[in-house]
Amino acid sequence: EDQVTQSPEALRLQEGESSSLNCSYTVSGLRGLFWYRQDPGKGPEFLFTLYSAGEEKEKERLKATLTKKESFLHITAPKPEDSATYLCAVRSLNNDMRFGAGTRLTVKP
Amino acid sequence: NAGVTQTPKFRVLKTGQSMTLLCAQDMNHEYMYWYRQDPGMGLRLIHYSVGEGTTAKGEVPDGYNVSRLKKQNFLLGLESAAPSQTSVYFCASRLLSRETQYFGPGTRLLVL
């Protein structure tokens with residue numbers, strides 16, 4: 001069965017302290033891996049789609065990378081407004097979509 | 001362009017009551033989805049639709065029904081609500097030709 005595991009569950013950083021969030025997955029053929037940001041009381045907001053190992057995508061302070069077994073979301077010099085829950089999801093070749101439980105990021109000023 | 005909208009935003013039900021959640025999208029997306037989100041768990045797929053008049057079961061379909069009579073609307077029904085259906089419900093949609101799903105703001109449901 002397809003599985004997605006995100007770590008850590010929660011991460012507290014000081015403003016400017018760079019770090020990475022991990023998304024490990026097992027899937028019967030990968031169609032795509034997705035990163036979303038979710039603010040409290042809101043729906044998930046799309047960030048990135050990665051399709052194949054070695055692919056990287058960037059947006060402002062965020063950079064997503066993909067290997068055959070995991071993806072990382074690197075946050076460089078985070079700001080308090082980056083505080084949110086970050087969700088990872090994978091879609092398999094049979095079109096099943098699985099979400100991880102998320103990493104709750106808090107950035108203190 | 002409102003994207004994906006959901007109504008209502010919040011609802012309280014008593015056990016055994018019924019209700020319908022409405023999802024609407026104005027992006028001409030073919031695919032539409034209903035998920036539930038519970039604390040400590042990832043989003044779980046309830047039902048989905050690949051086009052007008054078609055629906056299919058997801059990971060956790062029991063206790064729910066859906067209908068897609070118009071391309072832009074996807075309805076989620078609870079015939080006899082149970083406390084286990086207390087959750088936050090999200091609708092999402094995407095184009096047939098793209099992998100990325102876009103989500104609505106969510107409906108918070110409390111079943112007493």
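The values are calculated or read from the model by the stated rules, or taken from the named source; none is laboratory data. Since the structure is predicted, the reported quantities are computational estimates derived from the model, not experimental observations. In this analysis, Cβ positions are derived from the backbone assuming ideal geometry, glycine residues included, and neighbour counts consider all displayed protein chains. Side chains included, ligands, DNA and RNA excluded: accessible areas come from the protein's heavy atoms. Shrake-Rupley method; radii C 1.70, N 1.55, O 1.52, S 1.80 Å.
For (1) farther than 29 Å from residue B:2 by Cβ; (2) over 13 Å from the mean Cα position of the chain (by Cα); (3) in contact (Cβ under 8 Å) with a residue 60 or more places away in the chain, each residue gets a yes or a no:
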site: A:36; (1), (2), (3): no, no, no
site: A:39; (1), (2), (3): no, yes, no
site: A:53; (1), (2), (3): yes, yes, no
site: A:57; (1), (2), (3): no, no, no
site: A:77; (1), (2), (3): yes, yes, yes
site: A:88; (1), (2), (3): no, no, yes
site: A:92; (1), (2), (3): yes, yes, yes
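List every residue pair whose Cβ atoms sit under 6 Å apart, with the two residues 6 or more apart in sequence or on different chains, where the first one lies in the range B:1-23 and is within 14 Å of another protein chain (Cβ to nearest Cβ) and the second, anywhere, is open to solvent by 80 Å² or more (accessible area, probe 1.4 Å) and hydroxyl-bearing (Ser, Thr, Tyr). Correct list of pairs: B:4/B:102. In the range A:1-18, the residues that are more than 25 Å from residue A:69 (Cβ to Cβ) form Cβ pairs under 7 Å with partners that are of a type in the set (Gly, Ala, Ser) and part of a loop (DSSP other than H, G, I, E, B), at six or more places apart or across chains, as follows: A:16/A:77. Where residues in the range B:10-56 are among the basic types (Lys, Arg) and over 12 Å from the mean Cα position of the chain (by Cα), which of them is most open to solvent (accessible area, probe 1.4 Å)? Restricting to residues being among the basic types (Lys, Arg) and over 12 Å from the mean Cα position of the chain (by Cα), the top hit is B:14. Just to be sure I understand, how many residues within the range B:86-112 are free of Cβ contacts under 8 Å to residues at least 40 places away in the same chain and within 14 Å of another protein chain (Cβ to nearest Cβ)? Number satisfying all stated conditions: 4. Taking the conditions exactly as written (modelled with pLDDT of 95 or more and under 24 Å from residue B:108 (Cβ atoms)), does residue A:34 satisfy them or not? Yes.
Among the residues of the range B:71-112, those that are charged (D, E, K, R) and open to solvent by 10 Å² or more (accessible area, probe 1.4 Å) comprise B:71, B:79, B:98, B:99, B:108.
On inspection, residue A:24 fails the criterion of being open to solvent by 20 Å² or more (accessible area, probe 1.4 Å) and touching a His at 6+ places or on another chain (Cβ under 6 Å).
Only one of these is touching a residue at least 40 places away in the same chain (Cβ under 8 Å), closer than 28 Å to residue A:4 by Cβ, of a type in the set (Ser, Thr, Tyr) and in contact with a strand residue (DSSP E or B) (Cβ under 7 Å, 6 or more places away or on another chain): B:64, B:31, B:48. Name it. The unique qualifying residue is B:31. The residue list A:18, A:71, A:7, A:28 contains one member that is more than 12 Å from the chain's Cα centre (by Cα) and at pLDDT 95 or above, which is A:18. Can you name every residue in the range B:6-31 that is over 18 Å from residue B:82 (Cα atoms) and not hydrophobic (A, V, I, L, M, F, W, C)? Of everything in the range B:6-31, those that are over 18 Å from residue B:82 (Cα atoms) and not hydrophobic (A, V, I, L, M, F, W, C) turn out to be B:6, B:7, B:8, B:9, B:25, B:26, B:28, B:29, B:30, B:31.
Residue B:68 meets the conditions (1) of a type in the set (D, E, K, R); (2) under 15 Å from residue A:44 (Cα atoms); (3) open to solvent by less than 30 Å² (accessible area, probe 1.4 Å) in every case but one. The failed one is (2). Here residue B:80 passes the criteria (1) small (Gly, Ala, Ser); (2) touching a Leu at 6+ places or on another chain (Cβ under 8 Å); (3) under 14 Å from residue B:20 (Cα atoms) except the one numbered (2).
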